[in-house]
Amino acid sequence: MSIQKTLSLIKPDAVAKNVTGSINAKLEQAGLRIIAQKRLRLTKEQAEEFYKVHSDKAFYRSLCEFMSSGPIIAQVLCGEDAVAKNRQTMGATNPMNAEIGTIRRDFGESIEHNAVHGSDSPENAAIEIAFFFSSLEIIE
Ligand code: CMP
């Protein structure tokens, strides 16, 4: 167990549904602290860069179009085992397979429009946090 930081994105579908406050409440109830947060809109090129690990997947083009289709909320979460805790709070990638009470089960619509993204390891969290935030923007 260790204190970690992780990147969270509230995706365009959830921002459009106006459920960002409800999502933040679930994160906070899980013991995660939001130590940086901003609203922005990715360009298609920025989405392609962020998701380049998936560039060989059939869903890559559609995912990047979706992620640049409207505003998102980028967040840095901090807490005990924050990477795993956030992924547990998000639920499975496909909302249909996500546990009751998780963010994706409650707010996701499909495997692509699945409300949130969260880093999958502390190493990727560091890379993904640096993609969106400077150290000056992260207040612990
Ligand atoms: P995310 O956690 O943002 O990481 C990559 C995203 O790709 C994932 O959430 C889903 O939104 C999306 N994704 C993963 N698998 C599929 C799939 N089979 N079809 C469409 N989108 C997918």
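The single condition from (1) at negative phi; (2) surrounded by 23 or more Cβ atoms within 10 Å (Cβ to Cβ); (3) touching a helix residue (DSSP H, G or I) at 6+ places or on another chain (Cβ under 6 Å) that A82 fails is (3). Selection of region 53-72 for residues being under 17 Å from the mean Cα position of the chain (by Cα), more than 12 Å from the ligand (Cβ to nearest atom) and not polar (S, T, N, Q) yields G70, P71. Taking the numbered list (1) within 23 Å of Y60 (Cβ to Cβ); (2) loosely packed, with under 13 Cβ neighbours inside 10 Å; (3) of a type in the set (S, T, Y) in turn, T93 passes all entries but (2). In this structure, is K5 within 16 Å of the ligand (Cβ to nearest atom), surrounded by 14 or more Cβ atoms within 10 Å (Cβ to Cβ) and of a type in the set (K, R)? Judged against the criteria, K5 is not a match.
Among the residues of region 85-107, is there at least one that is of a type outside the set (S, T, Y), within 14 Å of the ligand (Cβ to nearest atom) and in contact with a Phe, Trp or Tyr (Cβ under 6 Å, 6 or more places away or on another chain)? No, region 85-107 contains no residue that is of a type outside the set (S, T, Y), within 14 Å of the ligand (Cβ to nearest atom) and in contact with a Phe, Trp or Tyr (Cβ under 6 Å, 6 or more places away or on another chain).
Throughout, read-outs are computed from the coordinates displayed, never taken from laboratory work. Just so it is clear, the structure is predicted and the values come from calculations on it, not from any experiment. Methodologically, a virtual Cβ is constructed for each residue, glycine included, from the backbone with ideal geometry; neighbour enumeration extends over all protein chains shown.
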